[in-house]
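Accompanying notes for the structure given below.
Throughout, read-outs are computed from the coordinates displayed, never taken from laboratory work. Small disclaimer: the values here were computed from a predicted structure and weren't measured. Note that each Cβ is placed from the backbone with ideal geometry, even for glycine, and that neighbours are counted across all protein chains shown.
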Amino acid sequence: MTINAAYRVGTTPVLISDFLVTTEPGNETGIEVPSFPRISEVIDPLTGAPVIGLQRKVARINPKLVVAGSGNGRSVETVLTRLNNFCLVSDSINDLKSYLSTQNEFSGQKRCCLIGHLVNGSVNTFRWESHTKEFSIGIGFVEGSGAALFHEVVPAFNQQASPHPDFVFDRCAEDTLNVTATLYANEIAIGNTLERHFGGGYDVFIFADGEFQRIDEVVYLFYHLEPRSDNTVRVGRAPVYIKNSYFGETGLVASFLTDTAIRRNSKPHQRIALVRPCINTNVADVPNMPISDLPLGASRIAVGFIGKHISGQSEVFTAIVQNKEAEMFKLHLTGETRDSLHEIRFDCPEVIMNNILAAAFQKFTRPT
């Protein structure tokens with residue numbers, strides 16, 4: 001499932017874009033990577049290519065212009081690189097439209113589509129198609145196979161045109177991460193994720209304090225939930241763990257799956273992947289340090305419960321914990337291994353988790 005979404009939380013422009021799955025030379029079938037001693041070794045030393053091909057397909061061209069591409073990956077990279085070189089300081093929607101109108105489908109270049117926001121006093125949310133050169137302005141645009149699910153989570157776009165100061169970064173982060181957590185949860189539940197081993201990811205940009213800011217780190221914890229009666233519930237012992245973070249413009253996705261009861265036909269595994277930028281492919285920001293030294297926690301925690309409603313239909317509930325409350329989640333390696341996997345200890349604050357679980361149980365047992 002793929003998704004690019006340029007829309008608004010309240011009146012604040014936000015952009016969500018999943019990581020692009022790419023096929024690298026020598027890795028056409030994909031390679032399962034259980035662990036690495038050092039982060040630098042995630043990059044193949046001979047080709048410089050990621051062991052598992054992931055690429056960001058979004059770029060912050062300047063503080064007030066953010067763009068995501070869909071369609072052919074090479075075409076997206078080409079057009080965004082050219083756009084970056086042209087529009088580093090431009091804040092004119094007419095300049096953007098004029099420049100994109102010159103981008104023909106060159107020999108060997110396949111179709112692509114761009115969506116994004118340009119804020120220059122007002123919010124200009126746009127969409128451009130390479131094959132028709134059509135440039136559209138609207139309230140919001142969604143592209144990709146995940147569009148239908150996205151519209152279930154975000155049923156309507158706000159119709160106001162200017163950013164509103166009441167929607168600060170954390171408020172918008174909560175809203176957008178509920179969206180990405182729901183997308184993740186649906187992927188995990190049906191197993192339709194990268195190499196069927198989970199661990200794709202999402203770029204999230206929010207316009208706050210006069211510029212587009214990226215959510216730089218988030219941990220997703222997904223638990224299996226099974227209502228047993230009107231007042232009892234069974235929760236899986238261990239969650240699916242996924243962390244999205246960045247080294248400069250290079251993304252990092254770390255995931256850990258044990259027997260979570262969410263998907264019993266998936267082999268327990270760990271994997272880690274670097275996600276190269278769409279424009280700047282320099283990985284100099286990636287430190288040469290042991291992966292075991294990476295912090296497992298984050299300033300934002302997305303907690304998800306996956307299971308079935310009492311009616312038998314699939315159900316998902318998500319909640320976002322941020323800042324000081326997120327610091328209360330103590331996630332760390334125990335130094336032990338089981339079946340060649342590192343053991344992670346999940347010490348989650350009981351009061352917070354009980355409140356989230358109570359809200360999830362209410363949703364899983366609500367009348368249909």
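For the pair Asp230 and Ile137, a Förster radius of 41 Å applied to the C-beta separation gives a FRET efficiency near 0.25, rounded to the nearest 0.05. Of Ile301, Ile137, the sequence from fewest to most neighbouring Cβ atoms within 10 angstrom is Ile137, Ile301. For segment 350-359, the Karplus equation 6.51 cos²θ - 1.76 cosθ + 1.60, evaluated at θ = phi - 60°, returns couplings of 4, 4, 5, 5, 5, 5, 5, 4, 4, 5 Hz by residue, with Gly and Pro reported as x. Ranked by how many other Cβ atoms sit within 10 Å of their own Cβ, fewest first, the residues His342, His332 fall in the order His332, His342. Would you compute the Debye intensity of segment 312-359 from its alpha-carbon atoms alone, equal scatterers and no solvent, and pass along log10 I(q)/I(0) at q = 0.14, 0.15, 0.21 Å⁻¹ to two decimals? Taking Cα atoms of segment 312-359 as identical point scatterers yields -0.53, -0.59, -0.84. Each of Met328, Met353, Met289 was scored by other Cβ atoms within 10 Å of its Cβ. Arranged with the fewest first, they read Met289, Met328, Met353.
Within the shell defined by Cβ-Cβ distances under 10 Å, the residues around Arg345 carry a net charge of -2, with Lys and Arg each +1 and Asp and Glu each -1.
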